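Take a look at the structure set out below.
The values are calculated or read from the model by the stated rules, or taken from the named source; none is laboratory data. On a predicted model such as this, the values are computed, not experimentally measured, just so you know. Please note: Cβ atoms are built from the backbone with ideal geometry, for glycine as well, and neighbour counts cover all protein chains shown. Areas reflect the complete protein model, heavy atoms only, side chains present, ligands, DNA and RNA absent. Shrake-Rupley method; radii C 1.70, N 1.55, O 1.52, S 1.80 Å.
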Amino acid sequence: MGNEILQSLVDLALGIAAPDLQMLTVHIKLGGFNGMGKFRFRRLFIFPRLFLMAADDGKLLEGLSSNFYGVIDDTVYTAEEGVLSGTTRDFILKLAQQLEIPVDFSPVRLSDLDKLDEAFISSTSRSILPVYSIDGIIMKKPVPGPVTRRLMDKFESELRNGIENLLSIE
């Protein structure tokens, strides 16, 4: 992702808190509800329609179509339980290990948002997308922060190498 595109994403960041909504499942990310658990949505402010799911005890789990990661003191925090893993998340966790970035499988709590140095979401269609603010709380480090930037660079490098390898197969 070029710097000009990244800058436009940061410029789109909104700092307006959204009202809580309710969702009743964490096992599937669909519009339907099946009563498997009660979660609140928190709007994530890179784009106006992105949300984070927070359990009633304040643990941030994931987005509707993305995984969520918070960074405090160069350690990546992400929930292990109550989230869909997915190939992109697994790939990012593998990259973090290769880069020797510590990962703690404890979810960030709503009460700890002001402690976040940086945050990002991931999905197949978005790869790694840095977060500017959550509920009006702006991340402490510039967007993207240094940990997020290292992961983004490694992700792009690995993807480029994989594509080049596929193209070289005769």
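For Asp112 paired with Leu167, estimate the spin-label separation in nm (one decimal), with each label point 7 Å from Cα along the Cα-to-Cβ line.
Label at Asp112, label at Leu167, 4.1 nm between them.
Sticking with the crude label model, points 7 Å out along Cα→Cβ, report the distance from Asp56 to Thr75 in nm, one decimal please.
2.9 nm
Just the number please: accessible area per residue for the stretch 59-162, 1.4 Å probe, all protein chains included, in Å².
45 Å²
Which distance in Å, rounded to a whole number, links the C-alpha centroids of the stretch 139-165 and the stretch 54-129?
Here the two parts' Cα centres lie 15 Å apart.
Do any of Lys115/Lys154; Lys115/Lys141; Lys59/Lys115; Lys94/Lys140 go past 22 Å between their Cα atoms, and which?
Cα-Cα > 22 Å for Lys115/Lys154; Lys94/Lys140; rest within.
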